[in-house]
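See below for the structure under consideration.
The values are calculated or read from the model by the stated rules, or taken from the named source; none is laboratory data. Owing to the predicted nature of the structure, the values given are computational and were not obtained by experimental measurement. Note: ideal-geometry Cβ built from the backbone for every residue, glycine included; neighbour counts use all protein chains shown. Areas reflect the complete protein model, heavy atoms only, side chains present, ligands, DNA and RNA absent. Shrake-Rupley method; radii C 1.70, N 1.55, O 1.52, S 1.80 Å.
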Amino acid sequence: MPAKKHKPEEIIGKLREVEIVLGQGGPTAEACRRIAVSEQTYYRWRKEYGGLKTDQARRMKDLEKENLRLRRAISDLTLDKLILQEAAPGKLLSPARRRRCIDQVKEVLDVSERRVCRVLGQHRSTQRKVPCGADDEQALSEDIVALAGQYGRYGYRRVTALLHAAGWSVNHKRVERIWRREGLKVPQRQPKRGRLWLNDGSCIRLRPEYPGHVWAYDFVEARTHDGRKFRILIIIDEASRECLALTVARQLKHEDVLAALAELFIARGPPAHIRSDNGSEFIATAVQKWLGQVGVKTLYIAPGSPWENGYNESFNGSLRDELLNGEIFYSLAEAKVLIEAWRRHYNTVRPHSSLGYRPPAPEAATPPLPASGSASLHLRPAMAAETTMH
């Protein structure tokens, strides 16, 4: 039978009885028999409670409990701090990262899963749930990687638009998650340009309102593999963002500009205005006179202000970034073929961010999405044919 556990008040009362017996001259052994404890217990009680009153013993017991509670609290806080320090090297922004971090903390600190989940804010059901991807995750990942390899300068938003054109029903958030999981590099954003519309209403006062309202043209230079230069005459429609012509030649003079414009005017009709810089090919008297005769008004930007021809400058940057900087042209004929193929791709396939990620002049309407909400680029021969462009 286990020994009875005495309360502090009872112990102090028994010690008073012993003091009375000893005061009357009785031996210690007799006093211990009267209170029914051994001499060892008596001496231990006297060492711990000797000289205390009942209320003082009760207060000391309460202080011991409080002290024990504080020690446990400090121990818990110290352990929580150690858990946070162990998880500190990386950000825990997703349940998957928290899951991996909790497993590591458990292994290093030898603490319970419940404790680590509480400290790091992870629900235990989330921690124990085995993540399982969608059935089409593998096929979607393969198509994203294929598009990223084919169009190396496209970000995940433009790739999302291409997936929509291929029949995938997927939002940009899922594409971004797979994009980052596969380690694909998002192209750096281009630096912001200055204002396109000037407050003084100088030469950029006219905003394009409809296709054929304002055209813009400019020159871009590149080199073939042998180091020789060639020029590209770029003509775009500012309203629709469509690239109307990319004329490639070793030299382009104002006669070549007139020939390219005449061909477009016959096929599409003349625009109301045409915008350009002050290059000698554009301000030539023959060009101004001919444009005046066909009823096209010229809009020349201020010298040294390329941002006033912002649509052309933006197109030039895309052309150089996506094609000229990544291709080696071994001959002028090869440059003509590849540049014209890129122009068709730009107009009919490439998603344009300013048009809600739609191409400027698609060849056909986007087909309806399948009922399953998924598709595969491998089932689209039209898109596979685009890979021959490069």
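Structure data summary
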{"read-out": "Unmet requirement for residue 132, which otherwise passes all of (1) open to solvent by 50 Å² or more (accessible area, probe 1.4 Å); (2) outside any helix (DSSP H, G or I); (3) at pLDDT 85 or above; (4) of a type outside the set (Ser, Thr, Tyr)", "value": "(3)"}
{"read-out": "Selection status of residue 356, out of contact with any Pro (no Cβ under 8 Å at 6 or more places or on another chain) and at positive phi", "value": "yes"}
{"read-out": "Any hit, the stretch 207-225, residues being polar (S, T, N, Q) and open to solvent by 30 Å² or more (accessible area, probe 1.4 Å)", "value": "no"}
{"read-out": "Checklist (1) under 22 Å from residue 62 (Cα atoms); (2) surrounded by 13 or more Cβ atoms within 10 Å (Cβ to Cβ) applied to residue 47, failing item", "value": "(2)"}
{"read-out": "First in the stretch 17-34 and under 16 Å from residue 46 (Cα atoms) and assigned to a helix (DSSP H, G or I), second anywhere and among the aromatic types (Phe, Trp, Tyr) and open to solvent by less than 70 Å² (accessible area, probe 1.4 Å), Cβ under 7 Å, 6 or more apart", "value": "18/42; 32/42"}
{"read-out": "Residues satisfying the stated conditions in the stretch 246-284, i.e. of a type in the set (S, T, N, Q), within 30 Å of residue 331 (Cβ to Cβ) and under 42 Å from the mean Cα position of the chain (by Cα)", "value": "247, 276"}
{"read-out": "Some residue of the stretch 72-80 being open to solvent by 100 Å² or more (accessible area, probe 1.4 Å) and not in a helix (DSSP H, G or I)", "value": "no"}
{"read-out": "Unmet requirement for residue 333, which otherwise passes all of (1) open to solvent by 20 Å² or more (accessible area, probe 1.4 Å); (2) within 20 Å of residue 158 (Cβ to Cβ); (3) among the aliphatic types (A, V, I, L, M)", "value": "(2)"}
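A quick yes/no check of all residues on (1) in a loop (DSSP other than H, G, I, E, B); (2) closer than 30 Å to residue 334 by Cβ; (3) modelled with pLDDT under 55:
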residue: 173; (1), (2), (3): no, no, no
residue: 177; (1), (2), (3): no, no, no
residue: 180; (1), (2), (3): no, no, no
residue: 185; (1), (2), (3): yes, yes, no
residue: 191; (1), (2), (3): yes, no, yes
residue: 197; (1), (2), (3): yes, no, yes
residue: 208; (1), (2), (3): yes, no, no
residue: 212; (1), (2), (3): yes, no, no
